[in-house]
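Here the structure is laid out as structure tokens; the discussion comes afterwards.
None of the figures in this text is laboratory data; all of them are computed from the coordinates on show. Here the structure is a predicted model, which means the values were calculated and not measured. No Cβ is skipped: glycine too gets one built from the backbone with ideal geometry, and neighbour counts run over all protein chains shown.
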Amino acid sequence: MKLSQEILEQVQDLAGRYMTPRAIAIIIGVDEDDFRDELEDEDSQVYKHFYRGLYMTEAELQGAIIRLAKQGSSPAQALALKLQQDAKTSM
């Protein structure tokens, strides 16, 4: 699947908003099955942009949680500890 840089950036943005692959395929006007096939190919630009969008948002959210935890938010501290444990177990 060959998509323009503009569409790939849109994929990244939409993935970062936690849109589903189905929704993204509909929005950018491509066949859902073809789009999903691209998401399974780690070498494809669709895969790279989709996951970059997801991971960038995840990193931003984790940063906000850590900032709030350092400011004394008990719920954020609990989440930060869970993030820390998850990170340690996945290394």
What angle, in degrees between 0 and 90 and rounded to the nearest 10, separates the Cα long axis of helix 74-89 from the longest principal axis of the Cα atoms of the chain? 60
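Report, in deg cm²/dmol and to the nearest 500, the calculated mean residue ellipticity at 222 nm for the chain, where each DSSP H run with n ≥ 4 adds -39500 (n - 2.57) and the sum is divided by the residue count. Please list the in-between numbers first.
Details: 5 runs with 70 residues, N = 91.
Dividing the helical sum by the residues of the chain leaves -25000 deg cm²/dmol.
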Taking only the C-alpha atoms, wrap a convex hull around the chain and report its volume per residue in Å³ as a whole number. 109
Sites removed, the longest contiguous part of the chain containing no DSSP-loop trypsin sites (Lys or Arg not before Pro) with at most 14 other Cβ within 10 Å is 18-91
Run the reach check for K82 against lysines, Cα to Cα strictly under 24 Å, same-chain hits fewer than 8 apart removed. What comes back? K70
Just want to confirm a number: the relative contact order over the chain, from Cα pairs under 8 angstrom separated by 6+ residues, in percent. 25
Take L61, project a point 7 Å from its Cα along the Cβ direction, then tell me which residues of the stretch 14-42 have their backbone nitrogen under 12 Å from it. 16-19
